[in-house]
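Asker: So that we are looking at the same thing, I have put the structure below in structure tokens.
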């Protein structure tokens, strides 16, 4: 039986691994892409409805090979994509003090990685006259990010990439949108350490103080929005940046 499938990138991340097991996406066969860690996916096993593969999104040829493997596994095409993979500018330095190569790396991995995976799936979506894409961006597209300008710049570029793709492909029933949340509830200690961990902890605490709801963004809320953005039922929701920020103006 042929099954078109959903791709989740960054599947070993805290958000990606949550989406991999989210009941609202259970109906879709899933290709889970991770980079070099798979510990959060250790209890998820390959079967007819699911496939896990390590893939470097900076390598377009590796993406192509991975999609060929997935198409053979599922017998169908990639018609849905949730792009949750990201890298942060973990040096937490000001623009005046930043290392240009590290700054460039942060932008490249986020922006070019996004471009590579989208370019890989667009031909299949166009052939099927159907596609649903959700990109995880960030509320910093609206606010900037002191001591994290590379990340903020990359996420802003991703939003404008999505807007351009939306205009180019809407007539083919390919809808692409961005989710730009504030800080997401997560276990910071499992991903960060040292001075950058302190930076993230302080940033999260300050965000909770200033946002009207005084809450971090829940993974459940974001997963529900992903469920909507992957649905056959939407027809006109495309090219949008959906801001989830607890009511901040």
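The values are calculated or read from the model by the stated rules, or taken from the named source; none is laboratory data. Worth saying up front: this structure is predicted, and the values here are computed from it rather than measured. Cβ: placed from backbone, ideal geometry, glycine included. Neighbour counts: every protein chain shown.
Asker: Please find, among 171, 150, 157, the residue that is under 30 Å from residue 127 (Cβ atoms) and surrounded by 13 or more Cβ atoms within 10 Å (Cβ to Cβ).
Answerer: 157
Asker: Within the stretch 209-249, how many residues are assigned to a helix (DSSP H, G or I), farther than 30 Å from residue 4 by Cβ and in contact (Cβ under 8 Å) with a residue 24 or more places away in the chain? Give the derivation first.
Answerer: Within the stretch 209-249, the first condition is being assigned to a helix (DSSP H, G or I), and the residues that meet it are 209-210, 219-229.
Still in the list and also farther than 30 Å from residue 4 by Cβ: 209-210.
In the following step, the residues that additionally are in contact (Cβ under 8 Å) with a residue 24 or more places away in the chain were identified as 210.
Residues flagged as assigned to a helix (DSSP H, G or I), farther than 30 Å from residue 4 by Cβ and in contact (Cβ under 8 Å) with a residue 24 or more places away in the chain within the stretch 209-249 amount to 1.
Quick grid of which residues meet (1) in a loop (DSSP other than H, G, I, E, B); (2) free of Cβ contacts under 8 Å to residues at least 60 places away in the same chain:
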| position | (1), (2) |
| --- | --- |
| 67 | no, yes |
| 73 | no, yes |
| 77 | no, no |
| 88 | yes, no |
| 103 | no, yes |
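Asker: Restricting the stretch 114-127 to residues that are touching a strand residue (DSSP E or B) at 6+ places or on another chain (Cβ under 8 Å) and without any contact (Cβ under 8 Å) to a residue 60 or more places away in the chain, which is surrounded by the most Cβ atoms within 10 Å (Cβ to Cβ)?
Answerer: Top of the filtered list is 114.
Asker: If you check every pair at least six apart or on different chains, which have Cβ atoms under 8 Å apart with a residue in the stretch 35-46 that is free of Cβ contacts under 8 Å to residues at least 40 places away in the same chain and at positive phi first and a residue that is assigned to a helix (DSSP H, G or I) and surrounded by 11 or more Cβ atoms within 10 Å (Cβ to Cβ) second?
Answerer: Listed by first residue and then by second, the contacts come to nothing, as the list is empty.
Results for (1) within 21 Å of residue 166 (Cα to Cα); (2) loosely packed, with under 12 Cβ neighbours inside 10 Å, shown as yes or no for each residue.
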| residue | (1), (2) |
| --- | --- |
| 194 | no, yes |
| 201 | no, no |
| 212 | no, yes |
| 221 | no, no |
| 226 | yes, no |
| 231 | yes, no |
| 237 | yes, no |
| 247 | no, yes |
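Asker: At least 2 residues that are under 20 Å from residue 227 (Cα atoms) and at pLDDT 95 or above in each: list the helices (runs of 4 or more DSSP H) lying fully within the stretch 110-208 that qualify. Give the derivation first.
Answerer: Working: elements: 113-128, 140-143, 149-169.
Result: 113-128, 149-169.
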